[in-house]
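A short write-up of the structure that comes next.
Bear in mind these aren't lab numbers, they're just calculated from the coordinates by the rules spelled out. From a predicted model like this one, the values you see are computed outputs, not experimental measurements. Glycine gets a Cβ as well: all are built from the backbone with ideal geometry, and neighbour counts include every protein chain shown.
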Amino acid sequence: LMAFCLLKVPIHWEERNVTAIKGPGGKWMIPPEAKESMDKSKIGLKGPLKTPIAAGHPSMNLLLRKTFDLYANVRPCVSIEGYKTPYTDVDLVTIRENTEGEYSGIEHVIVDGVVQSIKLITENASQRIAQFAFEYARNNQRSTVTAVHKANIMRMSDGLFLRKCRDVAENYKDIKFTEMYLDTVCLNMVQDPTSFDVLVMPNLYGDILSDLCAGLIGGLGVTPSGNIGANGVAIFESVHGTAPDIAGKDLANPTALLLSAVMMLRHMGLHDHAKKIEKACYDTIESETVRTKDLGGNAKCSEFTNEICRRVQDQD
Amino acid sequence: MQKLIRPLFLQNRIGSPAQVFGVAGSSRRGKACDCPPPAKYGGRHTVTMIPGDGIGPELLRHVQEVFRYSCVPVDFEVVHVNSAMTEEDDINNAITAIRRNRVALKGNIETNHTMPPSHKSRNNLLRTSLDLYANVIHCQSLPGVQTRHRDIDIMIIRENTEGEYSSLEHESVPGVVESLKIITKSNSLRIADYAFRLAREKGRKRVTGVHKANIMKLGDGLFLQCCKEVASGYPDIVFDSMIVDNTTMQLVSKPQQFDVMVMPNLYGNVVSNVCAGLVGGPGLVPGANLGRDYAVFETATRNTGKSIANKNTANPTAMLLASCMMLDHLQLHEVMHTADIGGQGTTSEVVQSIMRLMQGASLRSAAAF
């Protein structure tokens, strides 16, 4: 927030609480004020939300997703200069279908000891996510879109997903479209992640792969993420946990949230501001002088942020 | 006079060929199979060989060469499976042959996923018909192979018959497809039991269950529950669990923390491929599909490798190691590098080098006698 104020980024912040409340009819939902605010502004920035285990209500993240129909989860994974991992020059984007697939939540116990989970793939959702993936690729000058699937085993469901991807690819002849099995992607990803560009896939594979890619660049503490929904709604968030053990102690690493905010700025078209903040952030990490504990340094969260702000100012 | 065969990766001994290979297969399979070893005719074993597609045929030819060279008393009954055929006669023949011989070595059979769903994956059909419920993969860092991470030694035990691979799909309304993932208590208990038995036998300390029970509460929840149940019977082994996405993240940052991992089918697919990639690629890791009565050995990552077929560039290590798992002897000390791990050797050169090593080793041990 501080960095933004310094830059005089033209955003008006509206903070909203999203603790679950029970609406009329007994359905769990997010507070109406939150919903109204989002509907008006269309763009949101979110920190981690905790889902208590026996809360009795579904995960908050899930509720948000359902309320705003956030169908695409976008996670750009770019190697951070200055934060060394065994993998260098990673520059890929995972686009994951976020509403259906294996996470439809439909499960039954058929007989005692036999459980069936249903994975749902629909034509519309597949079409939508494929469309989004290609649009994203085009808008961000990416050259290849790879559909990740397991159609050799799940012939109908992943087959449908794949067919829709192929159909959409027809309209985007400027972008290369390839298909690859999930296991091959995993195999190649840990050996040579530079060979991947944009990856589009159904829910479960997306979950696994996006976390895999986050691991390649340094983990969830430095990975931004955006959720795009219907009607132009977009919520950007950091995907790490709530880390209650360090909450309030000025120890957290704000990089993930900051980079998500940068994604948000880009989404809104404020490219200059985005670039400045991003550069400042990367430079700070690279300089190694002021780093938070999880990146190997000793600085406090506020010191880290101050350093970034300082660099932002210097750039002006 | 028969020597007792020690498990493959723990021994650095090569006896003289005739003695060592005489009791092939029996002790290793004692864990998964509670059945007597397959019949030996005239002191020689018969093993079903399914060449498969892509690089399968050439790799298996090399295995045959190496076996011939080292006078291994194993005869291969080769059964071809034509992946283009829509009838299931071919694969049924193969299954019958495996039932007859109890042991098989196979290449991957290609699945054309543009064909209709009635045309099932041949590999999957084989696994489910023979009830090869455990897929065991041992990924360890090999000396001499350059990788980003060192000192990896992970055993992956993957449920091999159910889960997402049940091939039960239907289109309830046009445009909406449902795919069923089945988890059963009996299979989960079975695989967990196998995992813990194997861990104990190999002296491993920790078994990690990989799941996604926060989302698939009933399905993976059942799996996890079964693992915990079995774990209570093995107090000397630590059992913990990890969500699959976190697992992959940990694997690429700190793979040394893992010991033995057990998981349902699909996560097994992902994790085994990630681990294989970590130790150097699909050309290096062998895999075993084990059931109560049968055992089928193949490469861990089950690739057809169409793009490098017949170019003499494939790395035969995985297939050779698989055949070694099958025979339960032979220790590879060093492998001349093929292109996929950064060298310029060709497939046949690697085989020659292995044969030279074996010759050297058997000469040494012959001299010792």
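Put a dot 7 Å past the Cα of A:Arg138, heading toward its Cβ, do the same for B:Asp240, and the two dots end up 4.8 nm apart. Relative contact order of the stretch B:71-184, taken over Cα pairs closer than 8 Å and 6 or more residues apart, is 17 percent. 3J(HN,Hα) along the stretch B:287-304: x, 10, 10, 10, x, 5, 10, 10, 9, 10, 10, 7, 6, 5, 8, 6, 9, 8 Hz, from the Karplus curve 6.51 cos²θ - 1.76 cosθ + 1.60 with θ = phi - 60°, whole Hz, x for Gly and Pro. Distance between the modelled labels on B:Ser307 and B:His170, one decimal in nanometres: 3.9 nm (7 Å Cα→Cβ projection).
Proximity of backbone amide H atoms, modeled 1.01 Å from N, is registered between B:Val81 and B:Gly52 at under 5 Å, excluding neighbours fewer than 5 places apart on the same chain. Pull out a ≥ b ≥ c, the square roots of the eigenvalues of the alpha-carbon gyration tensor of the stretch A:167-232, then state rounded if a/c is under 1.5, prolate if not and a/b is larger than b/c, and oblate in the remaining case. It comes out oblate by the Cα gyration axes. Our summary gives the stretch A:89-224 a relative contact order of 36 percent, counting only alpha carbon pairs under 8 angstrom and 6 or more residues apart.
What fraction of the Cα pairs in the stretch B:172-277, stated in percent, has a spacing above 20 angstrom? Summing the P(r) of the stretch B:172-277 above 20 Å gives 41 percent of all pairs.
Averaging the Cα positions of each part gives two centres, and for the stretch B:254-312 and the stretch A:132-150 these lie 29 Å apart. Other protein chain C-beta atoms within 10 Å of residue C-beta, averaged over A:179-186: 5. For the peptides B:232-244, B:271-283, residues were scored by their other Cβ atoms within 10 Å and the scores averaged per peptide; the highest-first order is B:271-283, B:232-244.
Taking label points 7 Å from Cα along the Cα-to-Cβ direction, A:Asp272 and B:Asn82 give a separation of 6.9 nm. Would you mind checking the stretch B:72-88 for residues with the amide N under 12 Å from a putative spin-label position 7 Å along Cα→C-beta of A:Glu179? Correct set: none at all.
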